[in-house]
Amino acid sequence: MRQTGLIPADMVLTPTADESRFIRNSLADVTNSAITGALLAAAAVLLFLGSLRQTFIITLAIPLCTLAAIILMSLFGLTLNVFSLAGLTLGIGQAIDTSVVILENIAVNTSKISGKGDRPPTPTETTANAQEAAQEVESALVAATSANLVSVLPFLLIGGFISLLFNELILTISFAVAASLLVAITIVPMLASRLLSIPWSSNVGNFWLIRTFNERFEAATRGYARFLGRVVRYRLIVVVTAVIILGGGTVWMIGQIPQEILPRISTGQVNLRAQFPPGTPLATSQKVMEIVDGILRSQPETEYAFTTVGGSLFGSSTTENPLRSSSTITLKPGEDTEAFAEKLKPEFAKLNLVGTRLNITPGQVRGLIVTNTPAQGSEIDVILQGESDRTLREAGAQVIEALEGANLAQFRPDADPRQPEIQIRPDWERVAELGLTAQDIGDTIATAIEGSVPTQIQRGNRLVDVRVQFERESINQPSQLESLPLFGQNNQQIRLADIATITTGQAPGEIQRINQRQAFIIAGNLSEGASLGDALTQVQQVVSNIQLPEGVSVVPSAAAETNRELQKSLQLLGGLATFLIFVVISVQYNSLIDPLVIMLTVPLALAGGLFGLYITKTAIGATVLVGAVLLVGIVVNAAILMVELANQILQEQHNEAISLQDARMAAILQAAPQRLRPIMMTTVTTILGLFPLALGIGEGTEFLQPLGIVVFSGMAIATLLTLFIIPCFYILLHGAFNTNLIKLFRVKYKTTLKFLNRKNHSTQKKNKRAN
């Protein structure tokens with residue numbers, strides 16, 4: 001092998017910090033989730049439709065919507081990353097939904113035409129049928145798509161932490177949803193009008209699995225129609241029972257679900273930070289870290305480790321601190337970082353290092369700050385403030401000792417302890433008389449201890465520093481500084497002891513202030529499996545039982561404050577999204593009753609989402625918040641399809657022979673079974689598209705896994721409940737509002753008649769008197 005530059009030919013360079021590895025793996029995993037979801041959704045479409053041509057149309061709609069969304073991303077300056085790719089993954093389900101609804105309606109109408117005779121429909125008939133069938137559901141799709149778009153509008157308006165983090169995700173979903181509507185009302189009818197008129201058929205619908213599935217589905221549809229007819233007879237009981245069960249279950253579950261700000265992301269690395277007691281020589285720190293390195297390298301999960309002693313290294317910048325050391329451990333692919341960190345804590349405890357703290361935590365994505373705590377690398381904090389430094393340190397030690405009993409997090413002081421130092425206090429009058437300056441004194445002391453670089457010499461093609469400094473043995477003791485020579489006016493030689501007092505003292509390792517007040521920050525990291533909400537509660541209980549010295553107060557935790565802001569954001573975003581969806585649907589239908597019926601699917605979906613979080617033991621955080629708001633916009637689609645068809649049937653078939661209430665009941669009982677297939681198809685394709693994301697397989701997917709779980713479980717449970725609850729709500733609300741209106745009109749009519757009769761009677765009396 002040829003030697004290049006100054007690197008020996010047999011030397012192997014190992015990258016110790018390769019962020020591209022995590023990025024590549026994350027993008028690959030999210031991309032695989034999107035492709036897998038699309039394939040599963042296409043398989044579901046083939047199973048429901050039983051036609052290769054129709055499946056081809058839906059399969060073609062997926063890349064078209066994706067391509068349109070990517071073009072819009074490019075126009076708006078977005079990049080391909082974990083968030084935008086996850087947005088495309090969610091958008092795929094929406095693209096399939098809108099296309100499936102139109103295609104299913106076209107296919108049903110085409111089969112009706114084919115059933116009228118033995119010949120297949122002509123291209124002209126298929127084209128006219130495709131146009132007519134698309135127009136039948138166009139209003140419902142526009143309403144559903146508008147609901148999806150306005151549900152994410154608050155994210156772009158409210159700003160702040162949530163908007164900054166999920167902005168690309170929200171925009172990408174919006175682009176995919178808008179593109180799905182465009183493709184559904186243009187490309188899908190066009191392809192259907194051409195492909196469905198071809199007389200040749202692959203007969204894939206006669207395949208045993210597909211034929212059996214559709215026969216069972218038809219039987220299930222008939223059974224659903226019969227059962228729904230019985231359910232609506234007891235609609236009030238059904239609704240009240242559902243409200244009690246879902247409401248009570250939601251209240252109970254939300255108290256059992258843990259809370260967090262953002263989920264942890266496994267980067268495949270573990271960070272170790274070592275803090276040594278004051279006065280520890282650098283050589284001792286190096287020996288300790290060699291022992292720690294030996295333990296790290298002996299673990300079967302370790303691929304390699306990079307250790308820094310006497311400071312920290314970040315990129316090309318270094319920070320010198322003899323009391324701090326760190327190590328970055330890169331694990332082999334597929335290893336659990338949290339389990340590895342918990343495994344090593346007992347091993348480090350066996351070293352019995354008095355005064356030395358070894359803190360090992362899973363690595364974090366660089367640039368992604370999970371909490372806004374002032375303690376770097378921590379997930380939870382306790383902050384004390386006071387005026388006296390001594391009192392503050394005593395209170396901090398008292399709190400740390402009490403927190404050692406907490407099992408949900410491990411705590412440590414964020415700042416270095418006070419360190420011994422040599423203090424040089426010049427006599428400034430004497431310094432001025434001799435013509436010296438503070439810079440002269442400082443440069444001389446720095447040259448004596450660390451040396452200085454007055455010039456450089458050239459060796460080959462590079463420059464080498466020439467460092468001038470004293471011998472190490474001459475500056476080993478503080479007393480040796482007293483004889484350090486200085487040169488005043490006229491090159492008069494003076495000793496440092498002649499112009500300054502040299503003493504030893506204690507200096508703070510780090511001065512911490514919050515809002516211009518001195519602070520003592522206690523940093524903590526969660527234990528494996530612990531949630532932020534439970535840890536905050538435990539810390540609050542421990543700190544509240546401590547009698548702090550006078551003048552010391554506890555500052556509200558930054559992590560707890562962020563958690564409260566998230567809860568407020570959840571209420572605000574959820575309320576705004578629900579309101580905007582209601583307004584859009586009200587404008588679309590020019591009514592308040594039907595939008596109210598449709599919006600009642602929202603609590604069903606949220607209850608289903610909470611159930612999914614409870615079952616999977618997933619904490620509520622910012623990602624769950626985004627998923628809940630997205631779920632609000634998605635889940636109304638099924639109700640819109642059902643209510644839209646019921647209103648169409650009512651308008652076409654209602655006559656004066658039966659009451660309006662009976663006509664509405666007949667319309668919804670007819671519409672619900674007819675819309676069962678498209679509702680189930682859209683639901684199945686959506687949840688299958690989200691299924692890989694909800695599993696959270698691969699690096700980087702842990703961040704968006706809670707979003708997938710919320711939408712997945714919320715869609716699945718809400719759709720099952722919607723099939724029965726929405727018809728009951730439809731009949732009840734229309735009946736209640738119509739009955740109240742009729743009563744109101746009757747009261748007004750009777751009042752008007754009485755007024756007219758009285759007026760007429762009074763007029764007759766006046767006429768008699770006049771005569």
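Assorted remarks:
- Looking across the stretch 445-467, just one residue is open to solvent by less than 40 Å² (accessible area, probe 1.4 Å), of a type outside the set (Gly, Ala, Ser) and in contact (Cβ under 8 Å) with a residue 24 or more places away in the chain, and that is Ile445.
- Selection status of Val150, surrounded by fewer than 24 Cβ atoms within 10 Å (Cβ to Cβ), under 16 Å from Val636 (Cα atoms) and modelled with pLDDT under 85: yes
- Which numbered condition Pro277 fails, given (1) part of a helix (DSSP H, G or I); (2) open to solvent by 30 Å² or more (accessible area, probe 1.4 Å); (3) in contact (Cβ under 8 Å) with a residue 60 or more places away in the chain: (1)
- Of the residues making up the stretch 432-453, those that are of a type outside the set (Ser, Thr, Tyr) and out of contact with any strand residue (DSSP E or B) (no Cβ under 8 Å at 6 or more places or on another chain) are Ala432, Glu433, Gly435, Gln439, Gly442, Ala448, Ile449, Glu450.
- The lone exception for Asp293 - which of (1) assigned to a helix (DSSP H, G or I); (2) in contact with a strand residue (DSSP E or B) (Cβ under 9 Å, 6 or more places away or on another chain); (3) open to solvent by 30 Å² or more (accessible area, probe 1.4 Å) it fails: (3)
- Positions within the stretch 196-214 being under 42 Å from the mean Cα position of the chain (by Cα) and open to solvent by less than 40 Å² (accessible area, probe 1.4 Å), in sequence order: Val204, Gly205, Ile210, Thr212, Asn214
- Against the test of being within 30 Å of Asp381 (Cα to Cα), of a type in the set (Gly, Ala, Ser) and under 51 Å from the mean Cα position of the chain (by Cα), the options Ala535, Ala446 yield a single qualifying residue, Ala535.
- Pair list, Cβ < 7 Å and 6+ apart or interchain, from the stretch 332-354 residues that are exposed (fewer than 15 other Cβ atoms within 10 Å of the Cβ) to residues that are at pLDDT 80 or above and hydrophobic (A, V, I, L, M, F, W, C): Lys345/Ile360; Leu351/Ile291
- Qualifying residue in the stretch 66-88 (condition: modelled with pLDDT under 80, touching a Gly at 6+ places or on another chain (Cβ under 6 Å) and either more than 28 Å from Met680 (Cβ to Cβ) or crowded, with 23+ Cβ neighbours inside 10 Å (or both)): yes
- When the residues of the stretch 541-560 are filtered to those that are out of contact with any helix residue (DSSP H, G or I) (no Cβ under 7 Å at 6 or more places or on another chain) and at pLDDT 75 or above, the one that is surrounded by the most Cβ atoms within 10 Å (Cβ to Cβ) is Val555.
- Lone unmet requirement of (1) surrounded by fewer than 12 Cβ atoms within 10 Å (Cβ to Cβ); (2) within 24 Å of Gly451 (Cβ to Cβ); (3) not aliphatic (A, V, I, L, M) for Glu482: (1)
- Taking (1) surrounded by fewer than 13 Cβ atoms within 10 Å (Cβ to Cβ); (2) at pLDDT below 85 in turn, Leu323 satisfies each apart from (1).
Per-residue answers, yes or no, for (1) under 17 Å from the mean Cα position of the chain (by Cα); (2) under 23 Å from Ala178 (Cβ atoms):
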| site | (1), (2) |
| --- | --- |
| Ala619 | yes, no |
| Ala663 | no, no |
| Thr685 | no, yes |
| Leu690 | yes, yes |
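- Every residue from the stretch 571-591 that is open to solvent by 60 Å² or more (accessible area, probe 1.4 Å), more than 16 Å from Ala140 (Cα to Cα) and without any contact (Cβ under 8 Å) to a residue 60 or more places away in the chain: Gln571, Phe579
- Counting the residues of the stretch 276-302 that are among the acidic types (Asp, Glu) and touching an Asp or Glu at 6+ places or on another chain (Cβ under 9 Å) gives 1.
- Residue count for the stretch 215-272, restricted to those that are in a helix (DSSP H, G or I) and within 24 Å of the chain's Cα centre (by Cα): 7
- Leu566, sole failed condition from (1) open to solvent by less than 20 Å² (accessible area, probe 1.4 Å); (2) modelled with pLDDT of 80 or more: (2)
- Single condition Pro263 does not satisfy, out of (1) modelled with pLDDT of 85 or more; (2) out of contact with any strand residue (DSSP E or B) (no Cβ under 9 Å at 6 or more places or on another chain); (3) crowded, with 18+ Cβ neighbours inside 10 Å: (1)
- For the stretch 653-686, the candidate set comprises residues that are in contact with a Gly (Cβ under 8 Å, 6 or more places away or on another chain) and at pLDDT 80 or above; within that set, the residue that is surrounded by the most Cβ atoms within 10 Å (Cβ to Cβ) is Arg664.
- Of residues in the stretch 468-479 being within 17 Å of Ala497 (Cβ to Cβ) and in contact with a Ser or Thr (Cβ under 8 Å, 6 or more places away or on another chain), the one least open to solvent (accessible area, probe 1.4 Å): Pro478
- Close Cβ contacts (under 8 Å, 6 or more residues apart or on different chains) running from residues in the stretch 545-560 that are farther than 12 Å from Gln398 by Cα and in a loop (DSSP other than H, G, I, E, B) to residues that are polar (S, T, N, Q) and at pLDDT below 80 comprise Gly551/Ser388; Ser557/Thr373.
The values are calculated or read from the model by the stated rules, or taken from the named source; none is laboratory data. Keep in mind the model is a prediction, meaning the values are calculated, not measured. Glycine also receives a Cβ, built like all others from the backbone with ideal geometry; neighbour counts cover every protein chain displayed. The protein model used for the area step is the full one, side chains on, heavy atoms only, and it has no ligands, DNA or RNA in it. Shrake-Rupley method; radii C 1.70, N 1.55, O 1.52, S 1.80 Å.
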